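The values are calculated or read from the model by the stated rules, or taken from the named source; none is laboratory data. Given the structure is predicted, the values throughout are model-derived calculations rather than measurements. Cβ coordinates were reconstructed from backbone atoms using ideal geometry, including for glycine residues, and neighbour counts include every protein chain displayed. To get the accessible areas, we keep the full protein, side chains included, count just its heavy atoms, and leave off ligands, DNA and RNA. Shrake-Rupley method; radii C 1.70, N 1.55, O 1.52, S 1.80 Å.
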Amino acid sequence: MLDTTRPSEDDGTITLSGIGKSFGSFTAIEHIDLDIRGNEFFTLLGPSGCGKTTLLRMLAGFETPSRGEILLNGRDIARLAPNQRPINTVFQNYALFPHLSVAENIGFALKMRGKPRSEIERTVEEMLALVQLDGRGGQLITQLSGGQQQRVALARALAPRPAVLLLDEPLSALDQKLRKNMQIELKRLQKETGITFVFVTHDQEEALTMSDRIAVLSNGALRQVGTPHEIYNHPVDRFVADFIGETNLLEGRVVHEGAGRVEVALEGGVTVTAQADRPLAAGRAVTLAVRPENTALADPAPGQLCGKIDQIVYFGTDTHFHLTLDSGVPLVVRRQNRADGQMLPPVGARVGVTLESEATRILKD
Amino acid sequence: MPDQSLTELETALNRADVRRRWWLSLPALLIVLLAGVGPLAIVVIYSFLAPGDYGDVVWKFSPEGWFNVLFTKDIFDGTISIADAHLSIFWRSFKLSAITTILCLIVGFPTAYYMAGRSPRTRALLLLLITVPFWTNLLIRAFAIQQLLRSEGVVNLLLMKLGLIDQPVQLLYTDFAILVGMTYVYLPLMVLPLYSTMEKFDFRLTEAAYDLYASRFQVLTRVVIPLVRPGLIAGATLVFIPCLGTYVIPRILGGGSTLMIGNLIELQFGQGRNWPLGAALSITLVVLVMLGLLIFQRNDRSGGEK
């Protein structure tokens, strides 16, 4: 089996300090400080063009940072060539060698390192078992399905037992069902091998289900680093709140502050209670974020948020109501469906909305 | 998988359908017969006839022509000896063609690799530039190289200016001149097939190999070369085979002294007045070329299976 008893100082810890990357006059990455812990499943999440792929390519060695250093287990590797760092990549399109068999693909790195044939064969067998492709070593890459190719790409990158495994949107080419299976599979592989996984994706659901920690990037800068729970429930700013899951954003002014609870007067005069993680002066303009699942429909009443239903979207497990509030602001309410066909208000109906005050947060501006 | 067998069945049916309509290929067959097989048959027949006194042939069966390919009979005492002049010309043709193929490979491979890595626009432009030499007649290009290489030519003048040599070096009318000429003329035939396979080459594979601890040299030998092998074989074939039969370049750049098979054949139909020998030499060349093609193709196939 794989050697999981690596000494602790050699466990694939990455420290990025002051990393920046410019291509000519274009700055892909401004300035990033980031710690990736050993043996964790770390995800770089962001929309396309946010710099996550550039960051990954710098970790792999395909790009050299313009500024800053990359420490792997305390050693600066920023200027080492890709074949000199104990870091391997699972490429987005897999980049498997079409002229080699499955086994030859998996054994490629070991062969390049001049390992004896017996050791290569043993490792290839182990890897095939690990990714559940036993007995397929002799097959050609072209004879495999997309999901199987994905597994070969994983096995090929894991075979040399890297300190860190980089994964560049490896699931994007798979269909929905296969993707779900591979998510579980990847998580299992990471636990079993104890290797640090750095996973790049633009799919927030993928990031939330698999990661130990997530870094959210946009425009070449880090927005927030935290556990999936922190990122989802305590987004620091408008971008993170908006990018991760669906969020309703409401503008308002602080009325007065309590212990972590703040009364906010929304546009249109309704006052709601929200959570703040810092003291706020009365009269200050703030943005509130509340998830659709933390809102509920109610009968319209004075002093309460009210609006008109524009659209109702049925999702099987739940139903989304798209409203326009009296103040003109759009808002989505999510309601879980129940088996008994409960009466739902029709499109065009005027309804009231309540916000769970525990889940309504004031964003950092 | 059921899907696969179904498509296989479909292809088989399509093939049978095509075979039933073979007569549609009649025009092509006719051209091949008239322009290919016919003339070749005439050459074969001529090789078994006796030479006429002033060229042409006498319609009388004679194995003389084939005999003379490999042997010579002394005019005075009638002793038979191996025609080592012919053998050395065959050997030189093979040697020069092989060296030309290697030179074209050395120059053409990086060229094609560079081209394939450019943007589509630049690629189209470079492709056009590669074909520019084809716009000029071969004869004119051969004479141009002659001008460059002669004793008072640009190359010698440059070398003297640089102080590398004191007096002009004999470049023209040597094997070197022939090699320069053939490499220049046949280079596009190496670059084009190489480029067309490299264009389809997924350059991300080189990154993958580099990531998996391959050195730069290993990336080339383990990934790039095996995958562009069909282009390599096609390019080598397209250069080697016309080189073997080339006639104009050794004539102009090799002078009269360094003959290749093409010149030897021409000699028999001209000054030599021995058409049957010329015909036999031609057929020998055709057979050698076909053998060469078979070897190349076998290599290609074994490469494809891997």
Q. Gap in Å between the Cα centre of region B:142-207 and the Cα centre of region B:241-261?
A. 16
Q. Give or take rounding to whole Å, what are the principal axis extents of the alpha carbon atoms in region A:17-160, in descending order?
A. 49, 31, 28
Q.
Given points 7 Å out from each Cα along the Cα-Cβ axis, report the residue A:30 to residue B:286 separation in nanometres with one decimal.
A. 7.6
Q.
Longer than 32 Å from Cα to Cα, which of A:177/A:364; A:52/A:364; A:21/A:180 are they? Say none if no pair is.
A. A:177/A:364; A:21/A:180
**Q.** Loop chymotrypsin sites (Phe, Trp or Tyr not before Pro), region A:282-365 (other Cβ atoms within 10 Å of the site Cβ: 14 or fewer; DSSP)
**A.** A:315
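Going by the alpha-carbon gyration tensor, a ≥ b ≥ c the square roots of its eigenvalues, is region B:82-305 rounded (a/c under 1.5) or, if a/c is not under 1.5, prolate (a/b greater than b/c) versus oblate?
oblate
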**Q.** Vicinal HN-Hα couplings computed from phi for region B:182-191 (Karplus, 6.51 cos²θ - 1.76 cosθ + 1.60; Hz; Gly/Pro x)
**A.** 5, 4, 5, 6, 9, 3, x, 5, 8, 5
Q | Inter-chain shielding of B:201-210 (mean C-beta neighbours from other protein chains, 10 Å cut-off) | A | 6
Q. Which of the lysines could a cross-linker bridge to residue A:115, judged by Cα under 28 Å and excluding same-chain residues fewer than eight apart?
A. A:191, B:306
Q) In the Gaussian network model of chain A, springs joining C-alpha atoms below 10 Å, which of A:176, A:190, A:148 carries the largest mean-square fluctuation? A) A:176
Q.
For chain B, set up a GNM with springs between Cα atoms under 10 Å and report which of B:143, B:217, B:61 has the largest fluctuation.
A. B:217
**Q.** Reach of residue B:73 by Cα under 23 Å, taken over lysines that are not fewer than 8 positions away in the same chain
**A.** B:60
Q) When we measure straight from the Cα of residue B:95, which aspartates and glutamates land under 18 angstrom away, once same-chain ones fewer than 8 places off are left out? A) B:84, B:175
Q.
Need one number: % antiparallel among DSSP beta bridges in chain A, to the nearest 5.
A. 75
Q: Count neighbours as other Cβ atoms within 10 Å of each site's Cβ, and list the GluC sites (Glu not before Pro) in region A:182-291 that are DSSP loop with at most 15 such neighbours.
A: A:246, A:267
Q) What percentage of the solvent-accessible surface of chain A, computed with a 1.4 Å probe over protein heavy atoms, is contributed by carbon and sulfur atoms? A) 50
Q: For peptide B:223-229, compute the average count of partner chain beta-carbon atoms within 10 Å of each residue's beta-carbon.
A: 2
**Q.** Helix-only CD estimate at 222 nm, as mean residue ellipticity for chain B, using -39500 (n - 2.57) per DSSP H run (n ≥ 4)
**A.** -21500 deg cm²/dmol
(Q) Looking only at the protein assembly as shown, where both bridge partners belong to it, what percent of the DSSP beta bridges are antiparallel (to the nearest 5)? (A) 75
Q. Taking the Cα-to-Cβ direction at residue A:23 and at residue B:54 and moving 7 Å from each Cα, how far apart do the two end points lie in nm?
A. 7.7
Q) With N residues in chain A, what two-decimal value do you get for its Cα radius of gyration over 2.2 N^0.38 Å? A) 1.19
**Q.** chain B: most fluctuating residue of B:91, B:59, B:23 per GNM, C-alpha cutoff 10 Å
**A.** B:23
Q: With a 10 Å radius around each residue's Cβ, average the other Cβ atoms per peptide and rank B:47-54, A:86-93, highest first.
A: A:86-93, B:47-54
